[in-house]
Amino acid sequence: MMFMLGQGVSSQVFLAKNKKTSEHVAVKVIPRKVLINNKDLAREIRILRQISHCYIVQLKDVFITEDYLQIIMEAIEGQELFEEICARRNFTEDDAKDIVSKLLDALGYLHSLGIAHRDLKPENIMFIQNEEGKKNLKIIDFGFAVSCDDINVVKGAAGTLGYKAPEILKQESSTTQSDMWSLGVITYILLVGFPPFFSYDEYKDIGMLMNAPFWSFFNDETEQLLDSIREGKVYFPSQFWDALSQDAKGFVESLLKVNPLERASALSALRHPWIQSFTAEATQPDSSCSSPVKPNIPPEDPKTPTVTPLPLHQALRTHNRLTSN
């Protein structure tokens, strides 16, 4: 069985079942004419081909038909970390450590390959339930991801306001360290329920900090917001942070360094006392998270698909029937 999960301006996404394994997958269908001069999509596929990690969405296959490029991805059922934060407001330190340690594991893997995600935010982190009934997570959406190293860096705007590192706002060279800044912002939000950077004149009242949705702090691109990010002016109001450990504050500070060279890397962040204090049992990786290896993705040649996408008109009828019930 297969039906449409959603559609964008130039693509449609369907749920399908692998004939050989009965595994459900997501099929992104893109007209071939859209691919002309689409360097971003080609880069995204090239990067996804390199990745195989339990905390990162998996590219399963890519094949081309006469009219379409079809990208087969791991099907993820769950909810965004964004939704989880909206529901819970803030997390205990142990719950935050659990999330952050897994993100560090994934980022350490990506960065070891010279890959920067460049749009790490709660909307691009999915909460799922694994086969053992435990909550797991997956980093998704590699549309802004690039391959880079200390010499060959990438310039240009990328990411989402509020999670962008100072070097990106300044249009300076960005590296994998830009992801670490974004993780610092996410960690701060997990712990207190609002971000470290916002227009302070608009949120002077403690009640607003406690009650305003965390995403609303990023709504307006004010000079005060931009300046606070560029200058790394991190606000730790005692009403919220006094109840948290000094290690938690120190961990966030280590990630929110304006100078990328002074910012903690994924490896050094994993060694931080705040993460190390997490119990050994709690930090045991998911059983599916064995030593990551590069996936066995075939060359970019047309081939017989291992999943059978429904014709688009038929999938549309199926989707309409399902959504009308």
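Name the residues in the stretch 48-61 that are under 23 Å from residue 36 (Cβ atoms) and crowded, with 21+ Cβ neighbours inside 10 Å, would you?
Of the stretch 48-61, the ones under 23 Å from residue 36 (Cβ atoms) are 48-49, 59, 61.
Hits for the stretch 48-61 are 48, 59.
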Complete set of residues in the stretch 7-24 that are part of a strand (DSSP E or B) and farther than 14 Å from residue 73 by Cα = 7
Inside the stretch 28-58, the number of residues satisfying the requirement of being free of Cβ contacts under 8 Å to residues at least 40 places away in the same chain, within 25 Å of residue 2 (Cα to Cα) and more than 18 Å from the chain's Cα centre (by Cα) is 5
Of the residues in the stretch 176-193, those that are crowded, with 24+ Cβ neighbours inside 10 Å and either outside the structural domain of residue 258 (by TED's automatic domain parsing) or assigned to a loop (DSSP other than H, G, I, E, B) (or both) come to 176
So which of 34, 27 ends up being part of a strand (DSSP E or B) and assigned by TED's automatic domain parsing to the domain that holds residue 8?
-> 27
Quick check: anything in the stretch 101-120 in contact (Cβ under 8 Å) with a residue 24 or more places away in the chain, more than 19 Å from residue 178 (Cα to Cα) and part of a loop (DSSP other than H, G, I, E, B)?
-> no
Qualifying residues in the stretch 80-137 (those that are acidic (Asp, Glu) and under 19 Å from residue 158 (Cβ atoms)) - the one surrounded by the fewest Cβ atoms within 10 Å (Cβ to Cβ) | 123
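Which one is modelled with the highest pLDDT among residues in the stretch 138-171 that are charged (D, E, K, R) and surrounded by fewer than 16 Cβ atoms within 10 Å (Cβ to Cβ)?
As a first pass, look at the stretch 138-171 and keep what is charged (D, E, K, R): 138, 141, 149-150, 155, 164, 167, 170.
This time we only want the ones that are surrounded by fewer than 16 Cβ atoms within 10 Å (Cβ to Cβ), so: 149-150, 155, 170.
Details: 149: 50, 150: 39, 155: 59, 170: 86.
Selected residue: 170.
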Could you look through the stretch 210-223, keep only residues that are surrounded by fewer than 16 Cβ atoms within 10 Å (Cβ to Cβ) and more than 17 Å from residue 163 (Cβ to Cβ), and pick out the one that is modelled with the highest pLDDT?
-> 223
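Considering each of 11, 22 in turn, give the residue that is in contact with a Lys or Arg (Cβ under 8 Å, 6 or more places away or on another chain), surrounded by fewer than 18 Cβ atoms within 10 Å (Cβ to Cβ), outside the structural domain of residue 102 (by TED's automatic domain parsing) and of a type in the set (S, T, N, Q).
Working: 22 fails: in contact with a Lys or Arg (Cβ under 8 Å, 6 or more places away or on another chain).
Testing whether each residue is in contact with a Lys or Arg (Cβ under 8 Å, 6 or more places away or on another chain), surrounded by fewer than 18 Cβ atoms within 10 Å (Cβ to Cβ), outside the structural domain of residue 102 (by TED's automatic domain parsing) and of a type in the set (S, T, N, Q) leaves just 11.
Checking the structure you have, find out if any residue of the stretch 229-236 is modelled with pLDDT of 65 or more, assigned by TED's automatic domain parsing to the domain that holds residue 90 and closer than 16 Å to residue 96 by Cβ.
Start the filter on the stretch 229-236 by keeping residues that are modelled with pLDDT of 65 or more, which leaves 229-236.
Adding the requirement that they be assigned by TED's automatic domain parsing to the domain that holds residue 90 leaves 229-236.
Those left that are additionally closer than 16 Å to residue 96 by Cβ: 236.
Within the stretch 229-236, one or more residues are modelled with pLDDT of 65 or more, assigned by TED's automatic domain parsing to the domain that holds residue 90 and closer than 16 Å to residue 96 by Cβ.
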Residue count, the stretch 52-111, condition farther than 17 Å from residue 142 by Cβ, assigned by TED's automatic domain parsing to the domain that holds residue 247 and hydroxyl-bearing (Ser, Thr, Tyr), comes to 2
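The values are calculated or read from the model by the stated rules, or taken from the named source; none is laboratory data. Quantities reported herein were computed from a predicted structural model and do not represent experimental measurements. Every residue, glycine as well, gets a Cβ built from its backbone with ideal geometry; the counts of neighbours run over all protein chains shown.
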